Amino acid sequence: MTSQMLDVSLHERRRDRRMQDPQYRAAYEQAARELAQTDAVIRQLDSLRVDLGISKAELARRVNRNASSVRRLFTASQVRPELPLVAALADALGAELRVVPRSTEARRAVREHDRTRRVADTG
Amino acid sequence: MSPRDRGPRRPHGPPGQDANEQLPWSIVYYQAPDGTVAALEFLDGCPGTVDAQFTAVLDAVAAAPPPRFSGGGKWEAMHGTMGGWYEIRLTGPGREQLRLFCLLENGTSDELARRGLPRPAIAVITGMRKPGGPCSPSVTTSACGSLASNISRTTRVASRPERRSG
């Protein structure tokens, strides 16, 4: 038995150190936002499925897919979920996908980011 | 040693089986017996924005570990000869393909304590990059297989990057 726990804080310390670079922080935060959106969509679909008492196999039948493809989707065993499949699953669960604009402030930040990047590209 | 031989793992066990499954996982980096940490060397060599994306995926998966969907579709269970491994797949500048290879350190509290881990962890093993095309499965298998053969049953965790980078 190992009597002393290993130090597992390296990742956090390295990330905190790298986040002091504004470019790194911006890339991290952008990636985190994108990941969170995809994760939320897939988890909401799975939650809807559970609430409706529909098995993954049954859901797959309803969208004319293999059961394994739906199972892989909900357990992150498959990368890059296909939007058509995601839309079909939403429809089969009586739901729909929507794109909701963020706040005015968030959109202003996107425009500012684009402007900064154009200046950097031409400079 | 194959990853499958490295002791019990239960990323897909029934929920509530162990309190550890409800908590965020740790992220640890495999340190070879010679002291090198291939995954950190790989990340340090990546463009900063790519490093940031890998880190964000690791954090997302650690916050909502398997079997939940997380990682935004960039975290994938590998198959075939790489069964038991997970990879993060990113495309960098110039369509460069970048991969980060991981194992899951899961088990009961006692099993984890024997490995020196306070809770389940994503063990980041190594990474690969290839300009303008997919990483060859045979090359991937070879690179990870040679590392896997060196991984002992006791997790080795790098803890002091400051020393390594001087």
Worksheet item: Which of (1) over 30 Å from A:Val50 (Cα atoms); (2) in contact with a Cys (Cβ under 9 Å, 6 or more places away or on another chain) does B:Tyr86 not meet, given it meets every other one?
Response: (1)
Worksheet entry | B:Gly73 vs. criteria more than 14 Å from every other protein chain (Cβ to nearest Cβ) and either at pLDDT 90 or above or under 25 Å from A:Leu73 (Cβ atoms) (or both) | no
Fill in: region A:1-58, residues that are small (Gly, Ala, Ser) and over 21 Å from the mean Cα position of the chain (by Cα)
A:Ser3, A:Ser9, A:Gly53, A:Ser55, A:Ala57
Item to complete: Could you identify the single residue in A:Gln20, A:Gln78 that is at pLDDT 95 or above and not small (Gly, Ala, Ser)?
Response: A:Gln20
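The values are calculated or read from the model by the stated rules, or taken from the named source; none is laboratory data. Everything quoted here is computed from the prediction, not taken from an experiment. Neighbour counts are summed over all protein chains in view; Cβ atoms, including those assigned to glycine, are modelled from backbone coordinates with ideal geometry.
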